[in-house]
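See below for the structure under consideration.
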Amino acid sequence: MQSYEERLTAPRSWWLVTVLAGLSLALILLPVGLLPMLGGLIGGVALGAAAVSAYGSVRIRVVAGSLVAGDARVPVEALGATEVLDAEEAAAWRTHKADPRAFLLLRSYIPTALRVEVSDPEDPTPYLYLSTRDPEGLAAALQAVRA
C-alpha cells in the first residue's frame, strides 16, 4: 500500500513579508521610543511568522484507508474518480467551474491541484479540490489504497 503525505508550506517570499511587517511596525513605533520600537519589531515579526506558519501547516495525507486534507477526513471507499489539474485547469475549477458545495483546500501559491469526486450518495459534497504540488503522486496513492 502506497502512502502519501504533503505539507502545503508557504513560499519563502512570504517569510520576507513577515520581516517587512515587523520593520513597518517598528518604524511606526519609533517616535514613541527605542523600547517600543524594538517591541514592535519583535512583535510584528512574531505575529507575521505565526500567521504564515499556520497558513502553511496544512497537510494532505493518505493514511489508514482515508484521505486527510486539512480538517477533512474521507474514507477512500467514499471517493470516486480523480482528475489531475494543471495550472490552467486548476484555475478554472477555482473560478467559473467551481461548485459551491465542493470541499476546497486552496493555496494560491500552488498552481496545480487534484479533483476527487465524492461517490457517497449520502454526502452532498460533489468533489474535493485539493491544491497539491504532486497531483499525480496523490492520485497514485489513492488508487493504490483502493486496490
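Return yes when residue 13 is closer than 30 Å to residue 64 by Cα, modelled with pLDDT under 95 and polar (S, T, N, Q) and no when it is not. No: the conditions fail for residue 13.
Taking (1) among the hydrophobic types (A, V, I, L, M, F, W, C); (2) touching a residue at least 60 places away in the same chain (Cβ under 8 Å); (3) surrounded by 15 or more Cβ atoms within 10 Å (Cβ to Cβ) in turn, residue 144 satisfies each apart from (3).
For residue 111, the criteria (1) modelled with pLDDT under 95; (2) assigned to a loop (DSSP other than H, G, I, E, B); (3) touching a helix residue (DSSP H, G or I) at 6+ places or on another chain (Cβ under 8 Å) hold in every case but one, which is (1).
How many residues, within segment 126-141, are open to solvent by 30 Å² or more (accessible area, probe 1.4 Å) and in a loop (DSSP other than H, G, I, E, B)?
Within segment 126-141, the subset open to solvent by 30 Å² or more (accessible area, probe 1.4 Å) is 126, 133-134, 136, 140.
Pick out the ones that are also in a loop (DSSP other than H, G, I, E, B) and you get 126, 133-134.
The number of residues fulfilling the criteria is 3.
Filtered by the rule that a residue be open to solvent by 50 Å² or more (accessible area, probe 1.4 Å) and either closer than 30 Å to residue 13 by Cα or of a type outside the set (A, V, I, L, M, F, W, C) (or both), segment 58-86 gives 59, 61, 71, 73, 75, 77, 82, 83, 84, 86. Of the residues making up segment 110-125, those that are in contact (Cβ under 8 Å) with a residue 40 or more places away in the chain and surrounded by 15 or more Cβ atoms within 10 Å (Cβ to Cβ) are 110, 116, 118.
The values are calculated or read from the model by the stated rules, or taken from the named source; none is laboratory data. Keep in mind that this is a model prediction, so the values were computed, not measured. FYI the Cβ positions are ideal-geometry reconstructions off the backbone, even for glycines, and counts take in every protein chain you see. Please note that ligands, DNA and RNA were not included when accessible areas were found on the heavy atoms of the full protein model with its side chains. Shrake-Rupley method; radii C 1.70, N 1.55, O 1.52, S 1.80 Å.
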